[in-house]
Amino acid sequence: DAIRNGARVKPPGYVHEVELEVDPRSLLSHDKPLVKQPKAIRDALYDMLDEVDDGSSGLTINNTGDDWVDALTTFNYHNNLMKKEAGGLDQMINAAKKQVSDGLLERGVPGSKYLDQLSRMREDGDVTNNYVMFTPDVIKVLRRFGLPITAGGMATLSAALNQQPVDA
C-alpha cells in the first residue's frame, strides 16, 4: 500500500547477501601499495613474480596490488603466447588472469578486494569494498534477492520468478 501511495523504497542494492569465511587480512587489496599489504600477501606476490619476471617489471613496494596483478597477468599472457598456447585473444587473457588467481590461492590468498565506485570518490574514509574470491569454498550465501536461503525463502523466490502462487 505504501508504494501505491507514492512512498519511495530503497532497493537493497544486491542480489546475494553472503558471508565470507576468511580473515579479511588474507585478501589482496587492489588499492593499497604492496608495502601496506600483509607479509603473507607480499611473499605470495614476490614468489609469483620470481617465476615469470625477467627483471623488467619495474615493480616496487609502492606499486598497488592492482599493479602487481596486472603485471603478473601480462607476464603470464606473454609466456602463453611464447608457448603458442591455443585459443583466441580473450581466451588467452582469461587464462592468464586465472593463472594469477590460482597462483595466489595456492599460496594462501583466498581472494581480493577493491574499493567500490562510490568509495573511490569519498573523502570521509567511510568506504566499502567489492570482493573477488578465488574459491567458492569460502562463500556462504545467506540471502538471494533479500530472501533467506531456507526452504520457505527459496519457495517464495521460485514462485516469484515463475509468477506462481506460493503454497506455504
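Please list 40-49, 116-125 highest first by mean number of surrounding beta-carbon atoms within 10 Å per residue.
Numbers: 40-49: 17.9, 116-125: 9.4.
Ranked from most to least packed, the peptides come out as 40-49, 116-125.
Ignoring ligands, DNA and RNA, what percent of the 1.4 Å accessible area of the stretch 35-84 is carbon and sulfur?
Ligands and nucleic acids excluded, carbon and sulfur give 51 percent.
How do 97-110, 64-77 rank on mean C-beta neighbours within 10 Å, highest first?
The densest-packed peptide leads the list: 64-77, 97-110.
If you take the beta carbon distance between Ala95 and Ala40 as r and set R0 to 30 Å, what does 1/(1 + (r/R0)^6) give as a FRET efficiency, to the nearest 0.05?
So, using R0 = 30 Å, E works out to roughly 0.70.
Lysines within cross-link reach of Lys83: Cα-Cα under 30 Å, excluding same-chain residues under 8 positions apart?
Cα-Cα hits under 30 Å: Lys97, Lys98.
Name the aspartates and glutamates eligible as straight-distance cross-link partners of Lys36: C-alpha to C-alpha under 17 Å, and not fewer than 8 places from it in the same chain.
Reachable aspartates and glutamates: Asp23, Asp66, Asp67.
Rounded to the nearest whole Å², what accessible area per residue is found for the stretch 39-146 with the 1.4 Å probe?
64
On full extension of the chain, what length is gained from Lys140 through Arg120, given 0.36 nm per residue of separation minus the C-alpha to C-alpha distance?
Between Lys140 and Arg120, full extension yields 4.5 nm more.
The values are calculated or read from the model by the stated rules, or taken from the named source; none is laboratory data. Since the structure is predicted, the reported quantities are computational estimates derived from the model, not experimental observations. Counting neighbours? That spans all protein chains shown, and the Cβs are built from the backbone with ideal geometry, glycine included. Quick note on the areas: whole protein, heavy atoms, side chains included, nothing else; ligands and nucleic acids left out. Shrake-Rupley method; radii C 1.70, N 1.55, O 1.52, S 1.80 Å.
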